[in-house]
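Each remark here refers to the structure printed beneath this line.
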Amino acid sequence: MTDATTIDIPGYRTGTWVLDPAHSEVTFSVRHMMISKVRGTFGVKSATLTAPENPLDAKVEASVDVTSVDTKDEARDNHLRSADFFDVENHPTMEFRSTGARVEDGDFLVDGDLTIRGITKPVTFELEFGGFGVDPWGNYKAGATAKTVVNREDFGLTWNAALETGGVLVGKDITITLDLQGAHQPA
C-alpha cells in the first residue's frame, strides 16, 4: 500500500542535480564459499537527477564504469572483467534509469531498470536521504544512500564453481549500495 502521492522534503530544490564523483561510491557484496562475503567497488561515470516540484516524480539516470571493478584482488578483478562475468570488452558500463518513486510503509523506494551485461531487469532501491547543505565554495549539495539486492544470474552472471565440501564458490544474491552526493545546478 502506498502511503503518499507526494512528499515534502525540507531543503529539496527543483531542477537538475549532478553527481559529485569525488564524494560518491558504488559498492557491492556477495557470498564467497557460502561462509563469508567479498566486497568491491565501481567508479560512477555519471548520474543526473531531474527534480520536479513533486519529489516522487523525479527521474534518475546513472552510468557505472564496470571496468573499474575493485575487490582488492587483481586476479579476481581481472576474472570479473572477463566474459565469465561482466564481459567488459562488450559491456563496459552498468546503467540505471528510474521509472518511478514511491513511499511505502514509511520507506522511500525508487523503481527502475538496471542493465548489466546488456540485460535489463526491473529493480527497486530503498533510498535514505542524508540531507542537504552548502559546501565551502557555495555549492548546494544533497546526499543519499540507496540499496538493493539482485540475483546476479538474472543478468547473465552465471559462472560458478562447485565446492568439494558442498555449495558453490559465488553466491547468487548481490547487495548493491550507492552512497551518493550531488550538486544542484541552478537554472
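All of the numbers you see were taken from the coordinates with simple rules; none came from a lab. As the structure is a prediction and not an experimental result, all values here were calculated from the model. Reconstructed Cβ throughout: ideal geometry from the backbone, glycine too, with neighbour counts over all protein chains shown.
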* What number of lysine-lysine pairs in segment 14-185 show an alpha-carbon separation below 27 angstrom, given a sequence spacing of 8 or more or placement on distinct chains? -> 19
* Asked: With charges only on Cβ, +1 for K and R and -1 for D and E, what is the dipole size of the chain about its Cα centre, in debye, rounded to 20?
  -> 240
* To do: Show that you can apply the helix-only estimate: for the chain, add -39,500 (n - 2.57) for every DSSP H stretch of four or more residues, divide by all residues, and state [θ] at 222 nm to the nearest 500.
  => -1000 deg cm²/dmol
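Given R₀ = 41 Å, FRET efficiency for D135-R102 by Cβ-Cβ distance, to 0.05?
0.85
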* Give the long-range amide H neighbours of M33: residues separated by 5 or more places, or on another chain, with amide H under 5 Å away, using H modelled in the peptide plane at 1.01 Å from N. => V170, G171
* Structure fact -> A correct fewest-to-most ranking of R97, R117 by other Cβ atoms within 10 Å would be R97, R117
* Neighbour-count ranking [beta-carbon atoms within 10 angstrom, fewest first] of D105, D73 -> D105, D73
* Structure fact -> Long-range amide H partners of F108, meaning residues 5 or more apart or on another chain whose placed amide H is closer than 5 Å, are L127
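Could you state the per residue volume, in Å³, of the convex hull enclosing the Cα atoms of segment 1-72?
Hull volume normalised by residue count: 157 Å³.
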* To do: Alpha carbons only, please: Rg and Dmax for segment 120-187, in angstrom.
  => 18.7, 60
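Provide the gained length on full extension for the span L169 to S29, in nm with one decimal, where the gain is 0.36 nm per separating residue minus the Cα-Cα distance. Don't jump to the answer; show the numbers that get you there.
On the way: separation 140, 0.36 × 140 = 50.40 nm, distance 1.37 nm.
My answer for the length gained is 49.0 nm.
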* To do: May I ask you to evaluate 6.51 cos²θ - 1.76 cosθ + 1.60, the Karplus curve with θ = phi - 60°, for each residue of segment 84-93 and list the ³J(HN,Hα) values in order in whole Hz, giving x for glycine and proline?
  => 5, 10, 7, 6, 4, 4, 9, 9, x, 10
* Relative contact order %, the chain, counting alpha carbon pairs below 8 Å whose residues are six or more apart -> 25
* Asked: To the nearest Å, what is the center-to-center distance of segment 1-55 and segment 109-181, using C-alpha atoms only?
  -> 9
* **Zone residues, segment 71-99, relative to D57, backbone N less than 19 Å from point 7 Å out along Cα-to-Cβ** => 98-99
* **Cα-only Debye scattering, segment 1-147: base-10 log of I(q)/I(0) at q = 0.15, 0.17, 0.21 Å⁻¹** => -0.88, -1.06, -1.37
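Let a ≥ b ≥ c be the square roots of the eigenvalues of the Cα gyration tensor of segment 62-187; is it rounded (a/c under 1.5), or, if not, prolate (a/b larger than b/c) or oblate?
Cα axes put segment 62-187 in the prolate bin.
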